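So the structure is just underneath, and the comments pick up after that.
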Amino acid sequence: MIKAAPSLESIRSKVADGVRLDRDDGLFLEGAVSLNDLGVMANAVRERKNGRVAWYNVNVHLNPTNVCAYRCTFCAFRADLKDPRAYRMSDEEILARGAEAHARGCTEMHIVGGLHNKASVDWYRHILELVHQSYPEIHLKAYTAVEWDWFERITNKPVGDILSEFIDAGLGSLPGGGAEIFDPVVRGKICEHKADGGTWLRVHEAAHRLGLRSNATMLYGHHEGPEHRIDHLLALRDLQDRTGGFQTFIPLAFHPENTRMSHMPKPSSIADLRTIAISRLMLDNFDHIKAYWIMLGISTAQIALAYGADDLDGTVVHEKIYHEAGSSSPQEITVADLRRLILEAGREPVERDTLYRRVVRDPAQPSRWTLAA
Ligand code: V47
Ligand code: SF4
């Protein structure tokens, strides 16, 4: 039987009935559907999955080093070993960051950085041990698939074994970074030597098989086209069908400033909202879509809560990767501001931990928290 070409009506009825969209539907959404129509459909899916809730968390970032053996053309964060900007944090500095996170009542520390040419895997594991032993209540969401692949390359051990050793040191889950765009030709233009798309997926699969949850990302607004974005989403959806280990998807808009692609424009808010809505529609087996306010800017992130997103990420103290690339978002946001932004968007703010469990704060002492029963 010849398959009918997609139309807005056919996609609307699939979305209403909870029927999975296919690649042709995705390409149709990309090329022929208005932002308003995308938003209405994505919002329906978002409300089906998360009701009125918009999630946020209280977290801090730790980028232990900016020295990196790779040279991704989109990266403003990395430095060569001898660059005056190069740094590698000492144990004292890392522990001070843990103490600060504890004092602020953070439930999560997000740890990612460069692939330091002179650091051993032991150092990366030691960072987790340091923080975990002093502050075991803080969930460590650590190291992207690119870093795990690097650890595999420098130790010659299978990633499953390395992950198990790091779980013993305090690893709680994996962040979604390093996915960029899986298409090999586009990937070759922006990050030629680092882990390829198949490796990124293999690392996350290994993590899921060990019981770890992880996140997924997609970097858009550079050399990729609609077909690369749709194929990227489909590859994530396939893995999620097999493992169920992904928690949230985070579309990441390319920030050109201070990068080797600084001649390119930054994606518009329209492109941001379209990407969020299409992601929500294609990733039917993901519970959450995150509008990362640091990357989108606060206003677009707030509007994204009506275009498929149900999560704003968190207070994000000490973020470096986007601020080096010209993000004009503030360095951090207070919980009161996050809650106000969410309420203003007509949503119900709910604090979560990394694993999307509800967090309850002591009103008299907000840095004290427990998980809801
Ligand atoms: O992998 C780097 C991206 C990622 C630029 O898992 C850039 O909860 C745009 O993955 N312009 C790291 N993007 C950040 C990341 C992340 C962020 C928030 C939450 C989570 C999570 C994960 O940032 C990199 C790369 O894709 N990136 N430089 C840039 N100039
Ligand atoms: Fe290194 Fe990551 Fe920057 Fe690529 S994106 S150069 S792997 S720090």
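Observations on the structure shown:
- Search result, residues across the range 246-269 that are away from ligand 1 (no atom under 13 Å from the Cβ) and either among the basic types (Lys, Arg) or assigned to a loop (DSSP other than H, G, I, E, B) (or both): 263, 268
- Meets criteria (outside any helix (DSSP H, G or I) and open to solvent by 10 Å² or more (accessible area, probe 1.4 Å)) for residue 306: yes
- Of all residue pairs spaced 6 or more apart or on separate chains, those with beta-carbon atoms under 6 Å, a first member in the range 160-188 that is under 16 Å from residue 234 (Cβ atoms) and a second member that is assigned to a helix (DSSP H, G or I) and more than 16 Å from ligand 2 (Cβ to nearest atom) are 181/228; 181/232; 182/232; 182/235; 183/228; 186/228.
- Top-ranked residue of the range 76-113 - restricted to ones that are crowded, with 19+ Cβ neighbours inside 10 Å and of a type in the set (D, E, K, R), ranked as nearest to the chain's Cα centre (by Cα): 108
- Candidates in the range 194-214 are the residues that are open to solvent by less than 40 Å² (accessible area, probe 1.4 Å), within 16 Å of ligand 2 (Cβ to nearest atom) and out of contact with any Cys (no Cβ under 8 Å at 6 or more places or on another chain); of these, the one that is nearest to residue 181 (Cα to Cα) is 197.
- Only a single item in (1) more than 12 Å from ligand 1 (Cβ to nearest atom); (2) open to solvent by 10 Å² or more (accessible area, probe 1.4 Å); (3) touching a residue at least 12 places away in the same chain (Cβ under 8 Å) is not met by residue 127, and it is number (2).
- The conditions of being more than 13 Å from ligand 2 (Cβ to nearest atom), over 30 Å from residue 337 (Cα atoms) and either touching a residue at least 24 places away in the same chain (Cβ under 8 Å) or touching a Leu at 6+ places or on another chain (Cβ under 8 Å) (or both) are met by residue 20.
- Selection within the range 270-299 - small (Gly, Ala, Ser), within 15 Å of ligand 1 (Cβ to nearest atom) and open to solvent by 30 Å² or more (accessible area, probe 1.4 Å): 271
The values are calculated or read from the model by the stated rules, or taken from the named source; none is laboratory data. Keep in mind it's a predicted model, so treat the numbers as computed, not measured. In this analysis, Cβ positions are derived from the backbone assuming ideal geometry, glycine residues included, and neighbour counts consider all displayed protein chains. To get the accessible areas, we keep the full protein, side chains included, count just its heavy atoms, and leave off ligands, DNA and RNA. Shrake-Rupley method; radii C 1.70, N 1.55, O 1.52, S 1.80 Å.
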